[in-house]
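What follows is a short report on a single structure.
The values are calculated or read from the model by the stated rules, or taken from the named source; none is laboratory data. None of the values given here were measured: they were computed from a predicted structure. In this analysis, Cβ positions are derived from the backbone assuming ideal geometry, glycine residues included, and neighbour counts consider all displayed protein chains.
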Amino acid sequence: DSVLEDILKRGKLRVGMSTFVPWAMRDNEGNLIGFEIDVATKLAEDMGVEVEFVPTAWSGIIPALIAKKFDVIVGGMSITPQRNLTVNFTIPYAHSGQTMAANTELAGDFKDLADYNDSAVTLACRRGATPCNLAEKMFPKASIRRFDDDAQAFQEVANGNAHATIASAPKPEFTVEANPDILFMANGGEALSSNDEAFGLRKGDPDALNFFSNWIRVNTTNGWLQETHDYWFKGQTAWKDMVAPDQ
Amino acid sequence: MPDAPPRPLVELRGVCKWYDDFSALHDIDLTVHEGEKVVVCGPSGSGKSTMIRCINQLEAHQLGTILVDGVEVSPDMKNIERIRREVGMVFQSFNLFPHMTILENLTLGPIRNRGASRAEARDLAMHYLNRVHIAEQADKYPTQLSGGQQQRVAIARSLCMKPKVMLFDEPTSALDPEMIAGVLDVMIELAEEGMTMIVVTHEMGFARKVADRVVFMDQGEIIEVAGPEAFFNAPQSDRAQLFLSQLLGH
Amino acid sequence: MPDAPPRPLVELRGVCKWYDDFSALHDIDLTVHEGEKVVVCGPSGSGKSTMIRCINQLEAHQLGTILVDGVEVSPDMKNIERIRREVGMVFQSFNLFPHMTILENLTLGPIRNRGASRAEARDLAMHYLNRVHIAEQADKYPTQLSGGQQQRVAIARSLCMKPKVMLFDEPTSALDPEMIAGVLDVMIELAEEGMTMIVVTHEMGFARKVADRVVFMDQGEIIEVAGPEAFFNAPQSDRAQLFLSQLLGH
Amino acid sequence: MPGRVAEPTPRDLRRREQAGSDVRMIWRRISQVAQAVLVFVLLGYLIWRGAAAMDYGWQWYRVEPFFYRVIDGELIWGPLVRGLIQTLKLAAIAGVIAILIGFVTAFARLSQSVSGRIIATCYLEAIRNTPLLVQLFLFYFVLAPIFGIDRFWSGILCLAFFEGSFAAEIIRGGIQGVARGQYEGADAIGLGVVDKYRFIIIPQSLPLILPPLTGLLISLIKHSAIVSVIAVSELTTAGLNLIADTFMAFEVWFLVAGLYLAVTLTLSICVSLFERSLNKSKR
Amino acid sequence: MDRNSPPPAPRRKRLTPVDIAIFAAVAALVVYTGYRVNAVLVYHWNWPRVLNFVLRYDPETGRYVANLLLYGLATTLRLALWGTVLATVIGIVMGYWRTVDNLTLRILSRSYVELIRNIPPLVFIFIFYFFISSQIFPALGLDDLDAEGPLVDNWLFAVLFGDPALLSNFLAGVLCLAMFEGAYVTEIVRAGIQAVGRGQWEAARAIGLSRTNVLRDVIMPQALRKILPPLAGQFITLIKDSSIVSLISIQELTFAATEVSSTTTKVFETWILVGAMYFVLCYSFALLFGWLERRAARSRR
Ligand SMILES: Nc1ncnc2c1ncn2[C@@H]1O[C@H](COP(=O)(O)OP(=O)(O)OP(=O)(O)O)[C@@H](O)[C@H]1O
Ligand SMILES: Nc1ncnc2c1ncn2[C@@H]1O[C@H](COP(=O)(O)OP(=O)(O)OP(=O)(O)O)[C@@H](O)[C@H]1O
Ligand SMILES: [Mg+2]
Ligand SMILES: [Mg+2]
């Protein structure tokens, strides 16, 4: 039987997610906001149920899904074949590019991307997100450091311990904006690659897969997803106030 | 002593005990009758403690028979607690329960084992505390008493179980010299009231005064059994002679 | 004794010591001359151990002066090791080093403190082991010896430092009765050879035989100092009388 | 006395006498072991049920390359094996440093020196009352760049300082566990402070210190997992990376657990054998 | 001199020049570090941003109200409280089992202890949470607890267990933590029982107490007194270790801190602040236990 029935019977959609600006983050009052939060809220609304978010550490998110601690992961997961062997993905609901922020002092005179493919170069990235795989593929000679969390990866670059970090847009842009004197956008801010993000589901549930995929299809067609995506990803001005402190 | 033949209270017949392959007791035969006082002596390691600890089965023997008041005791018997309340035991190191007051130390056994009520147990305890002359210390903790006082409490604790026979394992040898007399006095009083006693001790004065028989042990065997005068003045065996000469050497 | 007036080896003048607020020694005055043998006795807790432990500064005193062979000892003196090799000490619980053989126990001090060579130290050690009659045990470990033998080794270990004065703190009271004589014999031999000795003990036989003076302490004070005969037969103070009556009470 | 000559050996006697009760005893033991096994089976069943209820498609056939791959006839170790080697290296180096820190701190605390005691106490309290994770973050992101320490050594030093605080207490306990009489014995034959510790106190405290110190090494191996948060490539990091790539969380976690268990159990057994031999030699 | 007079004041341990030099060196190191932080690290300190997640100003009511980190702290405290209670119970039972003659109990307790002590905590939590507690809780009906029921919807429940919606997670976390720390408590209890002298056993047996009575009346009370200090230490370890359950969606202090640091990107402020919070928490417990211990020691005299 499908998880859809459980959701409807329970009257509550349980969503697994993990903090990741601007997909999901905390506002000043400690509430969850972000692109995914909007998506999941709308999803639940359309199903006619309540939504419950289960913030989960990234390293525990897959086991928790499999152990039925929540129904679906709306967590900015990129589709890869390797992963797809273990969980089901819906059709993509977002397309993010991977961009790279680099340390001005260390990498300021690199001319093009090929300069980063060097054994003296160190790249930092958040473990589990696609950037690490991308870095490995594009810059096989560079050494890669994986962190649990974006903030650490960026700090590593800011401290001058790594040349650059790759992350899903627009995080690198935001960080460069905040530290213009030490960081700059490599590759002129162009994306290195693009990814497709999708909901993650347990295997063996075609009904749910079908429902969620079609929900995404409908909301892509009517433009709601694009609109929401733009709100969160095209610059921080729209929501900056919510997360900045009262000073 | 009345005319009826005294009843044997403790009987050991051919008792042997080993620690691994070390023979700690070898073929011990000893009968102690009601009202009798037996003093056991012998060099260190001769098995004195082991012997009396077998009587209430703090140590299990491996061969032979031990009877307490006609009941055979053995390592895997069921109601060992029954036997143990017939047999009081006083240790060299007192072994009072440090987390209980003197009174609680004394009432624990009667309440738990004899099913006495609190009030009964209390009366009993005060009675015996009076008898060992420290009733006024009833509410103190053991560590607040001197060694001699603690040992007298230990004696009273055993008496509270109303045992038929009392075992003493060097009750005065952990005491400061000036404390010894007090404990021995209590023991002498007890003896005079007719308690059956088996006492391991090197206090020759006590043995002379109280003992009906002196048992001399060496290397896990009983070498000699004699009346105190005969034993101290004219020991038969060489080993007893040697032992006594060392003891009185200075 | 030669005609020259005997030299004072140990002098205590107005020595006081407190543990926190508890006064353990109060205004102690005592002078021990070369070759003199002093026996210290008194009830438990009277400060006997504390007093002799102040002499080689195992405990620090707080008021008064202590001189050892004319040198003042104090808690914060620099070369306390110098003093300590003048003063041998034997403990109730032997305190041999269990991880070293008997021989190593004996040679450690001379090699480390007196700068003796291994061979010298060995000869010295064997000499003293002979003197305490256990040369054949030199290569055993302490735990393999009986209590009496251990205590004799401890005496030999102190003697290896060639001390001018020996302190004994109840050397026989942790021993089995039949071991006591052997240790006392060694001490008596030592006394006869003219060693200056301060001995805390309750062995009245030893005191009678060896002591030049008996010091009786109670509650941290010296109550009475007398020759042994005078002290045992006719103690002056009430407290000494009480103490002796308890000690000999049985 | 003559009885002793004809005496059968104690073993024979006991065997004869106790034959009956021995059999009973053995049966009781066997039934008790069986009961324990029953409980284990029950627990295993519960876990199995849990796994089955999850409907998880186990993919054990995919794990072999995690350990090794053969490329052109050449054996290449996989991430888990390389991670394990790094973990062992990390634990070994950190262990040595932790013991050094432990000795220094223990002596500082036992010494008369005011500064030694105050500094040692501050160090111990700070380490003991904050989580290792927080220490690691502060050390790596704040202190390491200041002093130019690289990642690997940040991880090692942080672990060493953490376990060093436990080592210090173990060592102090061992030293204080030596009987007072031994100090006095050493004083009484006029040994200096250094000689006293070198010949008397330390040798005797080692048997007290070594078993818990080897236990410390085991916990060091376990705790070393935490340096994965600063991306030091050890076993847990390797496991996390594999999970991120393949999402095979359960398989990888079980493998990682198995590897840790293998290492720590081996060490545990060595420790208890070692302790037993110490006890035996004491007798 | 009067013997009842108080002792002369003990000589104060005075600071030697060496001490002063060492202190000066440490102070110099600290100053240098502080200087280098600003010189070497490129970092914009922004404390208000992070402090806002401890207490925030609520414009509607005009008061300061608790925010994420403080909630996290409360959850940590709750975890620690229940974890300690349960771990103590487990530890006493298992620790007793470690010392009995019955082989079944000995095997069980021994395997429990060895298993837990030899697996990294992370891995234990995983296996326990996903395979075992996901079996037990639904069976007990905890997953479908009525959040509006009278049993749940009151302030006492909120204080003790936090948000009812997260109850089953919270309980799983507590159980994990308790099982985990229980292994260490077991060893402490066993050591305590074995530290009670043989003489106590013998004396208690000699006055005819049964084995159960000996344990209950004589051995356990003494053992418990002996193990109080290590138990206190274990409690503090438990507070610190409670961060591992963040893995299973329990939003305690460390988890809240990760969220805050990744939202604000203010890594240093967050971790320094959280470190300080843990320190205050653990250290005040250490002080409390020290005080209790000293009081107990005094009253026993
Ligand atoms: N638990 C034990 N394990 C092994 N050997 C033991 C044990 N208890 C006692 N022994 C040995 O048994 C022998 C007899 O011991 P026991 O304690 O009965 O002697 P004892 O006559 O009471 O000596 P003491 O006067 O020193 O108390 C000794 O050699 C002792 O080493
Ligand atoms: N380290 C200490 N701390 C506090 N009080 C102490 C200490 N050592 C000894 N005392 C107290 O000082 C007093 C004298 O002790 P001391 O050991 O000198 O007595 P003693 O005459 O040797 O007794 P004993 O015959 O029992 O050996 C005792 O009341 C004892 O309780
Ligand atoms: Mg004995
Ligand atoms: Mg003394």
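Overview of results
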read-out: Residue in region C:55-67 that is charged (D, E, K, R), facing another protein chain (nearest Cβ under 8 Å) and either in a loop (DSSP other than H, G, I, E, B) or away from ligand 4 (no atom under 16 Å from the Cβ) (or both) present; value: no
read-out: Residues being over 24 Å from residue E:247 (Cβ atoms) and either within 16 Å of the chain's Cα centre (by Cα) or within 10 Å of another protein chain (Cβ to nearest Cβ) (or both) - total across region A:43-80; value: 1
read-out: Residue selected from region A:109-164 under the condition β-branched (Val, Ile, Thr) and part of a strand (DSSP E or B), by the criterion nearest to residue D:239 (Cα to Cα); value: A:144
read-out: Residue satisfying all of: in region B:39-54; within 13 Å of another protein chain (Cβ to nearest Cβ) and over 26 Å from residue E:209 (Cα atoms); nearest to ligand 2 (Cβ to nearest atom) among these; value: B:44
read-out: Test: residue B:107 is of a type in the set (Val, Ile, Thr), surrounded by fewer than 23 Cβ atoms within 10 Å (Cβ to Cβ) and either under 20 Å from residue E:206 (Cβ atoms) or more than 16 Å from ligand 4 (Cβ to nearest atom) (or both); value: no
read-out: Number of positions in region B:78-101 that are part of a loop (DSSP other than H, G, I, E, B) and surrounded by 13 or more Cβ atoms within 10 Å (Cβ to Cβ); value: 11
read-out: Boolean, residue E:262 is in a helix (DSSP H, G or I), within 30 Å of residue E:38 (Cβ to Cβ) and within 7 Å of another protein chain (Cβ to nearest Cβ); value: yes
read-out: Every residue from region C:68-114 that is facing chain D (nearest Cβ under 7 Å) and of a type in the set (Gly, Ala, Ser); value: C:93, C:109
read-out: Filtered residues of region C:27-44 (kept if touching a residue at least 24 places away in the same chain (Cβ under 8 Å), part of a loop (DSSP other than H, G, I, E, B) and closer than 25 Å to residue C:246 by Cβ); value: C:42, C:43
read-out: Counted residues, region A:95-109 - those being crowded, with 23+ Cβ neighbours inside 10 Å and under 15 Å from the mean Cα position of the chain (by Cα); value: 4
read-out: Qualifying residue in region D:123-141 (condition: more than 11 Å from chain E (Cβ to nearest Cβ) and either surrounded by fewer than 19 Cβ atoms within 10 Å (Cβ to Cβ) or small (Gly, Ala, Ser) (or both)); value: no
read-out: Helices (runs of 4 or more DSSP H) lying entirely in region D:70-165 (those with 2 or more residues that are aliphatic (A, V, I, L, M) and within 20 Å of residue E:286 (Cβ to Cβ)); value: D:79-110, D:114-128, D:132-138
read-out: Residue match in region B:31-38 (condition: within 18 Å of the chain's Cα centre (by Cα), away from chain C (no Cβ under 14 Å), more than 16 Å from ligand 3 (Cβ to nearest atom) and among the polar types (S, T, N, Q)); value: yes
read-out: Close pairs from region C:9-26: first farther than 26 Å from residue C:166 by Cβ, partner in a strand (DSSP E or B), Cβ under 8 Å, at least 6 apart; value: C:18/C:24; C:23/C:16; C:23/C:17
read-out: Test: residue B:23 is small (Gly, Ala, Ser) and modelled with pLDDT of 90 or more; value: no
read-out: Of all residues in region A:159-176 being buried (at least 23 other Cβ atoms within 10 Å of the Cβ) and small (Gly, Ala, Ser), the one that is nearest to the other protein chains (Cβ to nearest Cβ); value: A:162
read-out: Number of the exception - residue E:189 against (1) away from chain B (no Cβ under 14 Å); (2) more than 24 Å from residue E:55 (Cα to Cα); (3) in contact with a strand residue (DSSP E or B) (Cβ under 7 Å, 6 or more places away or on another chain); value: (3)
read-out: All positions within region B:136-153 that are more than 16 Å from ligand 3 (Cβ to nearest atom) and either under 15 Å from the mean Cα position of the chain (by Cα) or at positive phi (or both); value: B:152, B:153
read-out: Some residue of region C:190-211 being free of Cβ contacts under 8 Å to residues at least 12 places away in the same chain, facing another protein chain (nearest Cβ under 9 Å) and away from ligand 2 (no atom under 15 Å from the Cβ); value: no
read-out: Within region D:182-283, helices (runs of 4 or more DSSP H) holding 1 or more residues that are among the basic types (Lys, Arg) and within 10 Å of another protein chain (Cβ to nearest Cβ); value: D:202-223, D:249-282
read-out: Checklist (1) touching a Leu at 6+ places or on another chain (Cβ under 6 Å); (2) over 30 Å from residue D:222 (Cβ atoms); (3) more than 8 Å from every other protein chain (Cβ to nearest Cβ) applied to residue E:60, failing item; value: (1)
read-out: Test set (1) within 14 Å of chain D (Cβ to nearest Cβ); (2) free of Cβ contacts under 8 Å to residues at least 24 places away in the same chain; (3) more than 28 Å from residue C:25 (Cβ to Cβ); (4) assigned to a helix (DSSP H, G or I) - residue C:124 fails condition number; value: (2)
read-out: Residue E:274 vs. criteria modelled with pLDDT of 90 or more, part of a helix (DSSP H, G or I) and away from chain B (no Cβ under 14 Å); value: yes
